[in-house]
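Enquirer: This structure is in structure tokens; I'll ask about it shortly.
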Amino acid sequence: MRPTPVDDPADPRLAPYTAMRERDLVGREGRFIVEGEVTLRVMLSRGARFQVESVLLSPERLEGLAEVLADWPQGVPIYVANKAVMSAITGFPIHRGVLAVGLRGPEAALAPPPAPAPCLVVGLVGLTNHDNVGGLFRNAAAFGADGVVMDAATCDPLYRKAIRVSAGAALTVPFGRLPDGAALLAFAEAHDLAPLALSPAGRESLADLVPPPRALLLLGTEGPGLPQDLMARARTIRIAMAPGFDSLNVATAGALALHHLAAGRLG
């Protein structure tokens, strides 16, 4: 595929990239933005779950991506514009010089491995911070989780910043969305997963927990945490800490819990 030079920020072919920050908030009609070389490479890997619609690069990035472009998907356009034009298109200064538009496709339900196979799923309840969601997807990939299931209040893992913070894991880790915490518990029951609610008020210490072979790790937003009615129906666990301190960033806490739960599956 030969790159197509573009020097007009109003070029209609680049419409999906325009005013990126504003459109991050309202959506792109089945599209999302990937930013940076690392996430672009993940997007084009065999493990990626989504298709690329187009790519927008600055000229100086072409050489470093030569091997990627040599095996470029048939029919996917590559647009090249200098950073001043890219910044005019997106509405803010672009420094990485690598953008792509991905296609969401139909929303799929999460289908974890059936029992009795080992299974570890991450459940997110009310997480509205894109950094935390991106970090938890990265943790899920690092520790071999089988997927992520979210309630309706949790933010979109395909938001541009969430994808970037996840190091592209949001493009490879299977995920699904359910209405609320009660639906996540029903999901756990339907798939024979032990619901484990991580909370500073947990009754059991994570260090003493024998990981169940099939588990749903439930994580809530910082501050309010998980709803009490959800924790009442789950096995609650806590991370032991030094006196006078009782909480961690949710992505950090999730990483510790996932490492413990997945220890028997890791190399």
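Enquirer: If you check every pair at least six apart or on different chains, which have Cβ atoms under 6 Å apart with a residue in the range 118-131 that is under 14 Å from Leu185 (Cα atoms) first and a residue that is hydroxyl-bearing (Ser, Thr, Tyr) second?
Expert: What qualifies is Leu124/Thr154.
Enquirer: More than 17 Å from Ala251 (Cβ to Cβ) and assigned to a helix (DSSP H, G or I) - does that describe any residue in the range 119-133?
Expert: no
Enquirer: Oh, and also: Quickly run through the range 215-267 and pick out the residues that are of a type in the set (S, T, N, Q) and closer than 21 Å to Arg177 by Cβ.
Expert: Thr221
Enquirer: Which pairs turn up if I take residues in the range 147-168 that are in contact (Cβ under 8 Å) with a residue 40 or more places away in the chain and under 20 Å from Ile33 (Cα atoms) and look for partners that are outside any helix (DSSP H, G or I) and basic (Lys, Arg) with beta carbon separation below 9 Å, at least 6 apart in sequence or on another chain?
Expert: Leu158/Arg104
Enquirer: Just for the range 210-251: of the residues that are in contact with a helix residue (DSSP H, G or I) (Cβ under 8 Å, 6 or more places away or on another chain) and in a helix (DSSP H, G or I), which one is surrounded by the fewest Cβ atoms within 10 Å (Cβ to Cβ)?
Expert: Asp229
Enquirer: Let me ask you something else. From the list Pro112, Pro118, Pro106, which residue is under 28 Å from Thr221 (Cα atoms), touching a strand residue (DSSP E or B) at 6+ places or on another chain (Cβ under 6 Å) and not charged (D, E, K, R)?
Expert: That would be Pro112, the only listed residue that is under 28 Å from Thr221 (Cα atoms), touching a strand residue (DSSP E or B) at 6+ places or on another chain (Cβ under 6 Å) and not charged (D, E, K, R).
Enquirer: From Val42, Val85, Val55, which residue is within 23 Å of the chain's Cα centre (by Cα) and part of a helix (DSSP H, G or I)?
Expert: Result: Val42 is the single residue among Val42, Val85, Val55 that is within 23 Å of the chain's Cα centre (by Cα) and part of a helix (DSSP H, G or I).
Enquirer: Just to be sure, is Gly254 within 21 Å of the chain's Cα centre (by Cα) and buried (at least 21 other Cβ atoms within 10 Å of the Cβ)?
Expert: So Gly254 passes the test.
Enquirer: Take Ser58 and tell me if it is among the small types (Gly, Ala, Ser), modelled with pLDDT of 95 or more and not assigned by TED's automatic domain parsing to the domain that holds His260.
Expert: Yes, satisfied.
Enquirer: Can you find a residue that is assigned by TED's automatic domain parsing to the domain that holds Ala145, hydroxyl-bearing (Ser, Thr, Tyr) and more than 20 Å from the chain's Cα centre (by Cα) anywhere in the range 210-226?
Expert: no
Enquirer: Here's a follow-up. Scan Ala48, Ala111 and give me the residue that is on the phi < 0 side of the Ramachandran plot, touching a helix residue (DSSP H, G or I) at 6+ places or on another chain (Cβ under 6 Å) and outside any helix (DSSP H, G or I).
Expert: The unique qualifying residue is Ala48.
Enquirer: Okay, next question. For residues in the range 133-164 being within 8 Å of the chain's Cα centre (by Cα) and among the hydrophobic types (A, V, I, L, M, F, W, C), which is surrounded by the fewest Cβ atoms within 10 Å (Cβ to Cβ)?
Expert: Leu158
The values are calculated or read from the model by the stated rules, or taken from the named source; none is laboratory data. All values derive from a computational prediction rather than experimental measurement. Counting neighbours? That spans all protein chains shown, and the Cβs are built from the backbone with ideal geometry, glycine included.
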